[in-house]
Amino acid sequence: MSNELLWQPSDEAIANSALTSLTVAAREVTGLALDSYAQLHKWSVNHPGDFWSLIWDHLGIIGDKGSVNYKAGKNFIDAKFFPESSLNIAENILAQGKDHEIAIVAIDEAGNRSEITWGQLRTKSAAVAAALTDLGVVAGDRVAAWTPNYAEVIIYALGALSIGAVVSTSSPDFAPSAVLDRFGQIEPKVLLAAQSYSYNGKSFDCIERLTEIANSLPTLVKTVVISDQENEFTTFENWIAPYLTTQAKFVRLPFNHPGFVLFSSGTTGKPKCIIHSAAGVYLKAVAEHRYQFDTKPGDKVFFYTTCGWMMWNWLATGLGAGATIVLFDGQPMYPNPERLFDIAQSEKLDFFGVSAKFIDSAAKADLKPLQTHDLSNLKVIASTGSVLTPESFDYVYHDVKKDVHLASMSGGTDICGCFAAGVSTLPVYRGELQGPVLGMATDVYDVQGKPAAHDEKGELVCTVPFPSKPIGFWGDVDNAKYRSAYYEGFPGVWTHGDFAAKTKTGGFIIYGRSDATLNSKGVRIGTAEIYRVVENFAQVQEAMAVSQDFEGDTRVVLFVTLKNGAELTPELEKELKTALRVQASPRHVPDLILAAPELPRTKSNKLVELAVGDVINGREVRNRDALANPAALDWFKQFKI
């Protein structure tokens, strides 16, 4: 591994960073030298109660912290943070910003742009809270949103959180059956939707599907629609209009009070409903914004996401750092491939967050914003969703911006945050996540359940509880499914399901999902190691590698989609295998390479190796509706053993 240095922050940036300020505060509290990020991190995980108490104070959290910072409990699940505390995260978010300052910028695919000031955000969220209260919604009740990424959804969520309601969101590309698989489990009282949305230049009307969904949720007392047209449902603006003079009231609740229900992808059955505490998600996510990425009040923060991905929750909490958040709804490369870079320029973004796949697509489209766009304001480019390859690091620094903090992130819906990510005061090395996030005892275990050596691949784990660990799963009364999901891999620790390695620089490399790890001649191989080599070929659009039981053994099958009219000729197949053998190892060479017309993916644009593996191994795919393109699976049936 090269550990090639690509970027490092200036001395001035380090001195003025929130992370340096936090380090100084930690020294005062502990009396320790804490001369490095590694030392600060070590203290943060060895003393979780003291560390998160310091975060509470340093962020200026509004509420009663109580006298107990942390109660360990008998296991990971039972650990409690601030068990005597009471607070409301909407109160904390809405305490940021002056009335005239911009809190939210919303842009749709057609280019329509709107702004919400902090004053408007406070007024409208208070109106939502009052409207919900009049409908009988109380703390613990669920409210849902099936919506595009519009500003109204943030307002709705803040109003609901103000009174202690539990918020759950989904994007409108989910079919009614998939929406009902999710919302049907949590029984919401109120549903927010949109009359229509646009994607890739096409307009989609939602009313017919909304009627089906609303009629199938017997617990609903109100359905509200974001629309400037009258329809059979109440429009959002008409709903809140009678309450716009209402004074804000916040119900302060225990730290572990539920605030959000997020959903697993549902590719292996009905989606798991993951219950998160409002305070746990808020404290962890705002700490990440402030200390890992150095987000400052007034910074403009953007992440390309839908309301069906946890990055929507993460982006929304940027408001708690005093940032202006920028929302975009639509296809990220429509009407031109530069669309998101156009937004980065016009909005003068400080933080630009996208999926690793977007960066790869931008590179393949030969976009060169370094030459075509003014990104002088941009401080951070963040990436998550899948593995950011070393070649994508090269692309960013060669063709996007040279002086920028490129931060690859690893976390998930399960924790609504990160295990490893950017560190604003540390260098960036090619292909690496810079380090473990503060408060996260992130490690890599070998098959014996012991910490792996540097550069040794193993399971990504977290060995110490953290505030945003789930409260549990909806309907999982004895926590059996919750324990099975995370705590059975290695006793007493969280096993996340990523195949990873620690580096000598203190960072991490992620090789892909461990449940999609290939077994090639007895050696475990991360799929990302294959993809980074294969997808470098000009003819290859995308790749997917899966294991198949074959003649009493296991073989690796590589499926590729091709571009520009390319064909999988014997010559190309030979070149692919040679490149894998030379650039990776002989074990990375697949037994079979096949050209596929399309690869199946989730609604959040992640490839689903497991579903393809099920098809070619003759197993049932239990929830096709969770896929963005379920029909793509049918082609793979011909290879079933």
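The values are calculated or read from the model by the stated rules, or taken from the named source; none is laboratory data. In this text, all values refer to a predicted model and were calculated from it rather than measured experimentally. Please note: Cβ atoms are built from the backbone with ideal geometry, for glycine as well, and neighbour counts cover all protein chains shown.
For residues that are of a type in the set (D, E, K, R) and assigned to a loop (DSSP other than H, G, I, E, B), tally how many sit in region 617-641. Before the answer, list the steps.
Here is the first cut: in region 617-641, the residues of a type in the set (D, E, K, R) are 619-620, 622, 624-625, 634, 637, 640.
Now narrow it down to the ones that are assigned to a loop (DSSP other than H, G, I, E, B): 619-620, 622, 640.
Going through region 617-641 one residue at a time, the tally reaches 4.
Restricting to region 607-620, name every residue that is in contact (Cβ under 8 Å) with a residue 40 or more places away in the chain and either touching a helix residue (DSSP H, G or I) at 6+ places or on another chain (Cβ under 8 Å) or hydrophobic (A, V, I, L, M, F, W, C) (or both). Quick ask: steps written out before the conclusion?
Initial filter on region 607-620 (in contact (Cβ under 8 Å) with a residue 40 or more places away in the chain): 607-613, 616-617.
Once the filter is applied, which keeps residues that are in contact (Cβ under 8 Å) with a residue 40 or more places away in the chain and either touching a helix residue (DSSP H, G or I) at 6+ places or on another chain (Cβ under 8 Å) or hydrophobic (A, V, I, L, M, F, W, C) (or both), region 607-620 yields Leu607, Val608, Glu609, Leu610, Ala611, Val612, Gly613, Ile616.
To keep it simple, each residue is scored yes or no on (1) polar (S, T, N, Q); (2) buried (at least 21 other Cβ atoms within 10 Å of the Cβ); (3) closer than 23 Å to Tyr197 by Cβ; (4) touching a helix residue (DSSP H, G or I) at 6+ places or on another chain (Cβ under 7 Å).
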site	(1), (2), (3), (4)
Ala316	no, yes, yes, yes
Ile325	no, yes, yes, yes
Gln345	yes, no, no, no
Val354	no, yes, yes, yes
Ala363	no, yes, no, yes
Lys368	no, no, no, yes
Leu375	no, no, no, yes
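When the residues of region 52-90 are narrowed to those that are among the acidic types (Asp, Glu) and assigned to a loop (DSSP other than H, G, I, E, B), which ends up farthest from Trp494 (Cα to Cα)? Per the criteria, the residue is Glu84.
All conditions but one from (1) assigned to a strand (DSSP E or B); (2) within 29 Å of the chain's Cα centre (by Cα) apply to Asp614; the one that does not is (1). Checked against the criterion of being of a type in the set (A, V, I, L, M, F, W, C) and in contact (Cβ under 8 Å) with a residue 40 or more places away in the chain, the candidates Val354, Val396 yield just one match: Val354. One residue stands out in region 361-391 among those that are at pLDDT 95 or above and among the hydroxyl-bearing types (Ser, Thr, Tyr): the one that is nearest to His276 (Cα to Cα), namely Ser383. Among residues of region 509-519 being closer than 17 Å to Val612 by Cβ and in contact with a helix residue (DSSP H, G or I) (Cβ under 6 Å, 6 or more places away or on another chain), the one that is surrounded by the most Cβ atoms within 10 Å (Cβ to Cβ) is Gly512.
Would you check which residues across region 275-300 are farther than 19 Å from Asn256 by Cα and crowded, with 24+ Cβ neighbours inside 10 Å and list them? Show your work before the answer.
Initially, region 275-300 is screened for residues farther than 19 Å from Asn256 by Cα, giving 288-300.
Glu288, His289, Arg290, Tyr291, Gln292, Phe293, Asp294, Thr295 - these are the residues of region 275-300 that are farther than 19 Å from Asn256 by Cα and crowded, with 24+ Cβ neighbours inside 10 Å.
Condition check for Val137 on (1) surrounded by fewer than 21 Cβ atoms within 10 Å (Cβ to Cβ); (2) within 28 Å of Ile274 (Cα to Cα): one failure, at (1).
Set side by side, the residues Ala194, Ala248 differ, and just one is surrounded by fewer than 19 Cβ atoms within 10 Å (Cβ to Cβ), in contact (Cβ under 8 Å) with a residue 24 or more places away in the chain and either farther than 24 Å from Pro630 by Cβ or of a type in the set (Gly, Ala, Ser) (or both), which is Ala248. Of the helices (runs of 4 or more DSSP H) lying entirely inside region 277-394, those carrying at least 3 residues that are of a type in the set (Gly, Ala, Ser) are 278-287, 356-364. Among the residues of region 564-582, write down those that are among the charged types (D, E, K, R) and in a helix (DSSP H, G or I). Glu571, Glu573, Lys574, Glu575, Lys577, Arg581, listed by residue number. Lys603 meets the conditions (1) of a type in the set (D, E, K, R); (2) surrounded by 19 or more Cβ atoms within 10 Å (Cβ to Cβ); (3) within 23 Å of Glu529 (Cα to Cα) in every case but one. The failed one is (3).
Scan region 275-282 and tell me whether some residue there is farther than 15 Å from Thr413 by Cβ, touching a Lys or Arg at 6+ places or on another chain (Cβ under 8 Å) and among the aromatic types (Phe, Trp, Tyr). Quick ask: steps written out before the conclusion?
The first filter runs over region 275-282 and keeps only residues farther than 15 Å from Thr413 by Cβ, leaving 278-279, 282.
Keeping just the survivors that are touching a Lys or Arg at 6+ places or on another chain (Cβ under 8 Å) gives none.
No, region 275-282 contains no residue that is farther than 15 Å from Thr413 by Cβ, touching a Lys or Arg at 6+ places or on another chain (Cβ under 8 Å) and among the aromatic types (Phe, Trp, Tyr).
Among the numbered conditions (1) β-branched (Val, Ile, Thr); (2) touching an Asp or Glu at 6+ places or on another chain (Cβ under 8 Å); (3) assigned to a helix (DSSP H, G or I), the only one that Thr561 does not meet is (3). Examine region 99-115 for a residue that is in contact with a Phe, Trp or Tyr (Cβ under 6 Å, 6 or more places away or on another chain), at pLDDT 95 or above and at positive phi, and state whether such a residue exists. Within region 99-115, none of the residues are in contact with a Phe, Trp or Tyr (Cβ under 6 Å, 6 or more places away or on another chain), at pLDDT 95 or above and at positive phi. Residues that are surrounded by fewer than 21 Cβ atoms within 10 Å (Cβ to Cβ), at pLDDT below 95 and on the phi > 0 side of the Ramachandran plot occur at least once in region 521-535. Hey, among the residues in region 57-66 that are in contact (Cβ under 8 Å) with a residue 40 or more places away in the chain and under 9 Å from Leu87 (Cβ atoms), which one's nearest to the chain's Cα centre (by Cα)? Ranking the candidates gives Ile61 first.
Among the conditions (1) hydroxyl-bearing (Ser, Thr, Tyr); (2) touching a Ser or Thr at 6+ places or on another chain (Cβ under 8 Å); (3) more than 19 Å from Lys270 (Cα to Cα), the only one that Ser585 does not satisfy is (2).
Determine, yes or no, whether Asp414 is touching a His at 6+ places or on another chain (Cβ under 8 Å), assigned to a loop (DSSP other than H, G, I, E, B), in contact (Cβ under 8 Å) with a residue 12 or more places away in the chain and of a type in the set (Asp, Glu). Break it down into steps so the answer makes sense when it comes.
Working: touching a His at 6+ places or on another chain (Cβ under 8 Å): yes; assigned to a loop (DSSP other than H, G, I, E, B): yes; in contact (Cβ under 8 Å) with a residue 12 or more places away in the chain: yes; of a type in the set (Asp, Glu): yes.
When the stated conditions are applied, Asp414 passes them.
Within the bounds of region 520-534, is there any residue that is of a type in the set (Asp, Glu), in contact with a Leu (Cβ under 8 Å, 6 or more places away or on another chain) and more than 22 Å from Val615 (Cβ to Cβ)? Break it down into steps so the answer makes sense when it comes.
Step one: of region 520-534, the residues of a type in the set (Asp, Glu) are 529.
From what's left, in contact with a Leu (Cβ under 8 Å, 6 or more places away or on another chain): none.
No.
Of the numbered conditions (1) within 18 Å of the chain's Cα centre (by Cα); (2) crowded, with 24+ Cβ neighbours inside 10 Å; (3) at pLDDT 95 or above, Tyr429 satisfies every one except a single condition; which is it? In the conditions (1) within 18 Å of the chain's Cα centre (by Cα); (2) crowded, with 24+ Cβ neighbours inside 10 Å; (3) at pLDDT 95 or above, Tyr429 misses (1) alone.
Which of the residues belonging to region 197-210 are surrounded by 15 or more Cβ atoms within 10 Å (Cβ to Cβ) and in contact with an Asp or Glu (Cβ under 8 Å, 6 or more places away or on another chain)? Outline the logic, then answer.
Within region 197-210, the subset surrounded by 15 or more Cβ atoms within 10 Å (Cβ to Cβ) is 197-199, 206-207, 209-210.
Of everything in region 197-210, those that are surrounded by 15 or more Cβ atoms within 10 Å (Cβ to Cβ) and in contact with an Asp or Glu (Cβ under 8 Å, 6 or more places away or on another chain) turn out to be Tyr197, Ser198, Tyr199, Ile207.
If only residues of region 141-169 that are among the small types (Gly, Ala, Ser) and surrounded by fewer than 24 Cβ atoms within 10 Å (Cβ to Cβ) are counted, the one that is farthest from Thr219 (Cα to Cα) is Ala151.
Every residue, every condition in (1) surrounded by fewer than 20 Cβ atoms within 10 Å (Cβ to Cβ); (2) closer than 22 Å to Gly506 by Cβ, yes or no:
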{"position": "Leu6", "(1), (2)": "yes, yes"}
{"position": "Ser21", "(1), (2)": "yes, yes"}
{"position": "Ala26", "(1), (2)": "no, yes"}
{"position": "Lys65", "(1), (2)": "yes, no"}
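Table: residues versus (1) surrounded by fewer than 20 Cβ atoms within 10 Å (Cβ to Cβ); (2) under 22 Å from Val444 (Cα atoms); (3) modelled with pLDDT of 85 or more; (4) among the charged types (D, E, K, R).
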residue	(1), (2), (3), (4)
Ser484	yes, yes, yes, no
Lys504	yes, yes, yes, yes
Gly507	no, yes, yes, no
Gln539	yes, no, yes, no
Val556	no, no, yes, no
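Listed by first and then second residue, the pairs with beta-carbon distance under 8 Å, at least 6 apart or on different chains, first residue in region 625-641 and surrounded by 19 or more Cβ atoms within 10 Å (Cβ to Cβ), second aromatic (Phe, Trp, Tyr) and at pLDDT 90 or above, are Phe636/Phe559.
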